[in-house]
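Enquirer: Structure incoming, see below.
The values are calculated or read from the model by the stated rules, or taken from the named source; none is laboratory data. Please read these numbers as outputs of a predicted model, since none were measured by experiment. Cβ placement follows ideal geometry from the backbone for every residue including glycine, while neighbour counts extend to all protein chains displayed. Remember, those area values only see protein heavy atoms, side chains included, never the ligands or the DNA or RNA. Shrake-Rupley method; radii C 1.70, N 1.55, O 1.52, S 1.80 Å.
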Amino acid sequence: MGSIRSPLWRHGGTVHGPQPRSYDYQFPRKKLLGALRSALAAKLTDGKLTVVENFELKAPKTAEMREALDALKVEKTALLVEAAGKEGNRNLELSSRNLAGVELVPGNEVHPYHLLRYEHVIFARPALERLQESLKNSAPKRQAAEPATPSRRKRSAEEVA
């Protein structure tokens, strides 16, 4: 019978028991970029997309950040998108992390879920330009289909006569 862990014994092992495996799914890149385009267009048409020159803060003060958001008429939640630099904007990070409903995201990590989760989106101009360039490069380059030739389509009674 073998060992006491044999499935033949009481309290023995399980035959073909559960095996750990990953159920991760990689969403298609083209669909993700299409969703990003659609979410940006929706925010723009709703008037919930704002572009600022840059996020310059002299000191990491949450009160100053709240005043700036109030000046931009942000009431509820906001997504701040900055141009991803080598060192990043430390004052902006420190000022925004303590505000409820405000998230700071580098420009190269913007996801459609971010745009849908937050009511208002504020882009720094360099981040938006970089995002536009990447979306233009990934846009489908389809050509319009040519109309059917007259010999292939059905002719009406007037055309035949």
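Enquirer: Would you mind telling me the share, in percent, of accessible area of segment 42-99 contributed by carbon and sulfur at probe 1.4 angstrom? Working shown, then result.
Expert: Working: 1850 of 3820 Å².
C and S fraction of accessible area: 48 percent.
Enquirer: What translational diffusion coefficient, in µm²/s and rounded to a whole number, does the Stokes-Einstein relation yield for segment 46-91 at 10 °C and a viscosity of 1.306 mPa s, taking the hydrodynamic radius as the Kirkwood radius over Cα pairs?
Expert: It comes out at roughly 132 µm²/s.
Enquirer: OK, next. Quick check: from the Cα gyration tensor, does the chain come out rounded (a/c under 1.5), prolate or oblate?
Expert: Oblate, since a/c reaches 1.5 and b/c is not below a/b.
Enquirer: Go ahead and estimate [θ] at 222 nm for the chain from helices alone: -39,500 (n - 2.57) per DSSP H run with n ≥ 4, summed, over the residue count, rounded to 500. Please list the in-between numbers first.
Expert: Values: 6 runs with 59 residues, N = 161.
Helix-only estimate at 222 nm: -10500 deg cm²/dmol.
Enquirer: Further question on the same structure: Accessible area per residue, 1.4 Å probe, Å², for segment 20-83: what's the number?
Expert: 74 Å²
Enquirer: Among D46, D24, D70, determine the one that fluctuates most according to a GNM of the chain built with springs between C-alpha atoms less than 10 Å apart.
Expert: The residue that fluctuates most here is D24.
Enquirer: What relative contact order, as a whole-number percentage, does segment 3-101 give when Cα pairs under 8 Å and 6 or more residues apart are counted?
Expert: In percent, rounded to a whole number, it is 25.
Enquirer: Distance in nm between label sites at A139 and R125, each 7 Å beyond Cα in the beta-carbon direction?
Expert: Those two pseudo-labels are separated by 2.2 nm.
Enquirer: Assuming R0 = 25 Å, can you tell me the calculated FRET efficiency for the pair R29 and E103, based on Cβ-Cβ distance, to the nearest 0.05? Present the calculation step by step, with values, prior to reporting the outcome.
Expert: Details: r = 23 Å, r/R0 = 0.93.
Rounded to the nearest 0.05, the efficiency is 0.60.
Enquirer: Dipole of the chain (Lys/Arg Cβ +1, Asp/Glu Cβ -1, origin at the Cα centre): which of S22, S95, V52 lies farthest to the positive side?
Expert: With unit charges placed on the Cβ atoms, the residue in question is S22.
Enquirer: Along the Cα→Cβ direction, 7 angstrom out, place labels at S6 and E67. What is the inter-label distance in nm?
Expert: Computed distance between label sites S6 and E67 equals 8.1 nm.
Enquirer: How would you order 133-140, 109-116 from highest to lowest mean count of nearby Cβ atoms within 10 Å? Intermediate values should be presented prior to the final figure.
Expert: Numbers: 133-140: 11.2, 109-116: 15.4.
Order by mean packing, descending: 109-116, 133-140.
Enquirer: Please list, short to long, the whole-number percent of alpha-carbon pairs of segment 1-66 in consecutive 10 angstrom bins beginning at zero.
Expert: In whole percents, the pair-distance histogram is 14, 16, 16, 15, 10, 11, 14, 3.
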